[in-house]
Amino acid sequence: MRLRSLLALTEAGLELVTGEDELERFVRWVVTTDMLDPARYLSGGELVLTGLQWRRAPEDSETFIGALARAKVAAVAAGDAKYGAPPADLVQACERHRIPLFRVPEDIAFATVTEQVNRNLSTGRAADLAAILDRHRQLVSGGGLNSVLELIHRNLGTPCWVVSSTGRVVAGPQQPLSAQVQAACLSAQRLPDTYSLDGSLFSLFAVDADGTSRVADWFMVFESDYKDWPEEHRAIIGELAAVVALERVRQDDRQNAEGRLAQELIELVVSDAKPAEIVSRLELTGLALSERYLAVAATADSGAVRPRELRSLLREILYDRSPAAGVVDGEAIALVPIGDDGSLDDRIHRAVEALEPGLQGSRLAVGISGGVDGESLRGAVEEARYARRMAAERNQPTSVVRHDELATHMLLLASVPDEVRRMFRVRLLDPLAIYDRDNRADLVHTLETFLQVSGSWSKCADLLHVHVNTLRYRVQRIEELTDRDLSRLEDRVDFFLALALR
């Protein structure tokens, strides 16, 4: 309730002494104290009742009222029992700190004031709760966010939009929202914030500033300056954020059957699953074998953007494509139906670059494969992951590598049927992996390092921190287990391709 309403509580008997300009403040509850500095026990918005027992000298009024001002109380009410009326030094201190001062007549008990104020506070809170429940009912009943935003518009008198980090308008008025305002949500140093455009002022709020990274969050945009809103309007923002957060959770597919199937599909594609298993799961996911697909892989280089948020971000960028997305080893991967859109990779590239202001020091690396049919998904995913690793090596806030930037051998491997690729990899690398597991050896890593330095014995030994003779022994074991000769170019190429297929 507002301070002005206190004067209407006849049984409380409160009389205003000073502070008429501050009577629009809200009271949250009543506190009685006679401590000289009670600030540690106050949290703001209180009506403080005091019998002035703390006052030993006029300067004590400055100490007491200064403490209340720091605690951001709503007002103070002083009883007449000790002095008959509020002392002049108390009135002056209240005026200096802009703290409204009420007088409590001697015949009115503090308990009566507390009872009357709390009774009215309870009535107001019940009305507020009814309004909250009504808004939630509208959302649950099928009206969605648009009906809630219409209600907010009527209450606040200002249009309101909910937008994603990519600029998609999730809900709001039909009139378009400027892309500049959407970009301001990402680039603001902190939220809430205001943004001016063509004579209009917009207020920007994050839906979940503490729990979600900026680049993956949703935002609420109001066409007015929130600093000019009355207190009860500002309170609605927290309620609206909770409603919007519920809608975002509802749209997150990770907990429903489709989302779980998509995660399982991505895991199968990345693993050694047979092509028949992948095709079967693809159809369960609702994607057609006859479609053509792009694979997209993404990572961020710090904890600022979590893998699950990257997964949601890929789905947001490709919102109208209903991609199958999952997370494997901290990397978000999506399979995207291409349809008739031949410029889908351009669209992904532009969307990722536009996210840069919201990364806040993190770096986002994205790889995009070429188009493949449903029987070549593993090749597309490996191509996208290889491209993502290339992107991560670039020292840029956002980096996107597309399939046409990849080495020729990766493009060649992507076109090979999954079953052929799997058998090729198994025949060459499985004997080494089994030996490493059984003997705690390091043959696969040794082979990879040996090929990276083009067969230089000294460089390879240095990188592995072993003696050259130890390296020669390991290479001999590799050759014995695979029946290959690492001095032959053909066999080195085979091993290089097999390692690329992992």
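For the residues Ala241, Ala304, Ala235, the requirement of being under 14 Å from the mean Cα position of the chain (by Cα) and either of a type in the set (Phe, Trp, Tyr) or assigned by TED's automatic domain parsing to the domain that holds Ala206 (or both) singles out Ala241. When Val279, Val249, Val269, Val244 are checked against the criterion of being in a helix (DSSP H, G or I) and loosely packed, with under 13 Cβ neighbours inside 10 Å, Val249 stands alone in meeting it. Each residue in the stretch 435-462 was checked for being out of contact with any Phe, Trp or Tyr (no Cβ under 9 Å at 6 or more places or on another chain) and within 15 Å of Asp483 (Cβ to Cβ), and 1 of them qualify. Can you confirm whether the stretch 283-292 contains a residue that is under 20 Å from the mean Cα position of the chain (by Cα), part of a loop (DSSP other than H, G, I, E, B), of a type in the set (A, V, I, L, M) and surrounded by 14 or more Cβ atoms within 10 Å (Cβ to Cβ)? The answer is no; no qualifying residue exists.
Of the residues that make up the stretch 123-142, is at least one surrounded by 14 or more Cβ atoms within 10 Å (Cβ to Cβ), modelled with pLDDT under 85, closer than 30 Å to Asp34 by Cα and of a type outside the set (D, E, K, R)? Within the stretch 123-142 (the criterion being surrounded by 14 or more Cβ atoms within 10 Å (Cβ to Cβ), modelled with pLDDT under 85, closer than 30 Å to Asp34 by Cα and of a type outside the set (D, E, K, R)), the answer is yes, since at least one residue qualifies. Evaluation of Leu191 against the conditions (1) within 30 Å of Ala384 (Cβ to Cβ); (2) in a loop (DSSP other than H, G, I, E, B) shows that the sole unmet condition is (1). Applying a threshold of 7 Å to beta carbon distances and a minimum spacing of six or more residues, or different chains, the list of pairs starting in the stretch 434-448 at a residue that is not assigned by TED's automatic domain parsing to the domain that holds Asn469 and ending at one that is among the small types (Gly, Ala, Ser) is empty. Beta carbons closer than 9 Å, at least 6 apart along the sequence or on distinct chains, pair a first residue in the stretch 96-125 that is closer than 28 Å to Glu59 by Cβ and of a type in the set (Asp, Glu) with a second that is surrounded by fewer than 14 Cβ atoms within 10 Å (Cβ to Cβ) and at pLDDT 85 or above for Glu106/Gly84. Looking only at residues of the stretch 214-239 that are among the charged types (D, E, K, R) and within 21 Å of Pro357 (Cβ to Cβ), we find that the one that is surrounded by the fewest Cβ atoms within 10 Å (Cβ to Cβ) is Asp217. When the stretch 470-490 is limited to residues that are of a type in the set (A, V, I, L, M) and in a helix (DSSP H, G or I), the one that is modelled with the lowest pLDDT turns out to be Leu489.
Val493 meets each of the listed conditions (1) surrounded by fewer than 16 Cβ atoms within 10 Å (Cβ to Cβ); (2) modelled with pLDDT of 90 or more apart from (2).
Of the residues making up the stretch 474-489, just one is among the hydroxyl-bearing types (Ser, Thr, Tyr) and surrounded by 13 or more Cβ atoms within 10 Å (Cβ to Cβ), namely Thr482. Pairing residues of the stretch 67-88 that are farther than 20 Å from Glu22 by Cβ with residues that are among the acidic types (Asp, Glu), at Cβ distances under 9 Å and at least 6 apart in sequence or on separate chains, gives Gly79/Glu106; Asp80/Glu106; Asp80/Asp107; Ala81/Glu106; Gly84/Glu106. Among what's in the stretch 304-332 and is among the basic types (Lys, Arg) and not in a loop (DSSP other than H, G, I, E, B), pick the residue that is modelled with the lowest pLDDT. Out of the qualifying residues, it is Arg321. Can we say Thr10 is surrounded by 18 or more Cβ atoms within 10 Å (Cβ to Cβ) and out of contact with any Cys (no Cβ under 8 Å at 6 or more places or on another chain)? The answer is no for Thr10. Considering only the stretch 168-184, state which residues are in a loop (DSSP other than H, G, I, E, B) and either buried (at least 19 other Cβ atoms within 10 Å of the Cβ) or outside the structural domain of Ala209 (by TED's automatic domain parsing) (or both). Answer for the stretch 168-184, where residues must be in a loop (DSSP other than H, G, I, E, B) and either buried (at least 19 other Cβ atoms within 10 Å of the Cβ) or outside the structural domain of Ala209 (by TED's automatic domain parsing) (or both): just Gly172. Restricting the first member to the stretch 222-241 and to residues that are within 12 Å of His153 (Cα to Cα), and the second to residues that are in a loop (DSSP other than H, G, I, E, B), the beta-carbon pairs closer than 7 Å and six or more apart or on different chains are Phe222/Thr158; Glu223/Thr158; Glu223/Pro159; Ser224/Thr158.
The values are calculated or read from the model by the stated rules, or taken from the named source; none is laboratory data. Since we're looking at a predicted model, the values are computed, not measured. Every residue, glycine among them, receives a Cβ derived from its backbone with ideal geometry; neighbour counts consider all protein chains shown.
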